[in-house]
Amino acid sequence: MILFLYIVCPDEKHLGCWALAIVNFLINITAYFSRICFWIDEGNHYQGGPLSKACLIISLIMIACWFYKSVRKSSDHSGAGRRGMLIHIFVVLMLLASVFLDVTLDEAGQPITFLTFAIVISSVFYYIWLHLRFVQMHEDDLKAQQRLR
């Protein structure tokens, strides 16, 4: 999620999200020595502890922050920035749907969470979107150079 923030706002430090990521890491690392977050039972099944939903809550906070910054950044631009807003809305809806599915569906049969899958797919969409933006900017530069000649 922090990488998505750097895509949208590369000049900001995003210290709040880094703090959330560190808290998430510290909560999940407790699985090595306690059952406060989660553990894997003898049958190789995930068992949640009292803080098992912390990752989902932190992810929701980061998604909200990222979407807010995306909307703010897109509203500063006209035309292409507003059209680019569709990719942000699509990715946010996909991430929220994956969090919903992770919470509501039985986790025993899932080898991978929906959120992990959605983040990978979102990264692919963002790569394609950034590549198309780069190509468009390059074509605009070429047109401007041709006009100067």
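For the structure I just gave you, tell me whether Leu142 is modelled with pLDDT of 85 or more and either part of a helix (DSSP H, G or I) or within 12 Å of the chain's Cα centre (by Cα) (or both). Yes; evaluated as a whole, the condition is true for this residue.
Quick grid of which residues meet (1) modelled with pLDDT of 80 or more; (2) outside any loop (DSSP other than H, G, I, E, B); (3) over 30 Å from Lys13 (Cβ atoms):
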| position | (1), (2), (3) |
| --- | --- |
| Ile58 | yes, yes, no |
| Met62 | yes, yes, no |
| Tyr68 | yes, yes, no |
| Arg72 | no, yes, no |
| Ser75 | no, yes, no |
| Arg83 | no, yes, no |
| Leu86 | no, yes, no |
| Ala108 | no, no, yes |
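Number of residues in region 1-32 that are aromatic (Phe, Trp, Tyr) and modelled with pLDDT of 85 or more: the value is 3. Looking across region 13-36, the residues that are in contact with a helix residue (DSSP H, G or I) (Cβ under 8 Å, 6 or more places away or on another chain) and not in a helix (DSSP H, G or I) come down to His14, Ile36. What's the number of the condition Trp39 fails, among (1) touching a helix residue (DSSP H, G or I) at 6+ places or on another chain (Cβ under 7 Å); (2) part of a helix (DSSP H, G or I); (3) not β-branched (Val, Ile, Thr)? Among (1) touching a helix residue (DSSP H, G or I) at 6+ places or on another chain (Cβ under 7 Å); (2) part of a helix (DSSP H, G or I); (3) not β-branched (Val, Ile, Thr), the lone unmet condition for Trp39 is (2). Set side by side, the residues Phe134, Phe114 differ, and just one is surrounded by 13 or more Cβ atoms within 10 Å (Cβ to Cβ), of a type in the set (A, V, I, L, M, F, W, C) and modelled with pLDDT under 85, which is Phe114.
The values are calculated or read from the model by the stated rules, or taken from the named source; none is laboratory data. This one's a predicted model, so the numbers in the text were calculated from it and none came from an experiment. All Cβ positions, glycine included, derive from the backbone under ideal geometry; neighbour counts span all protein chains shown.
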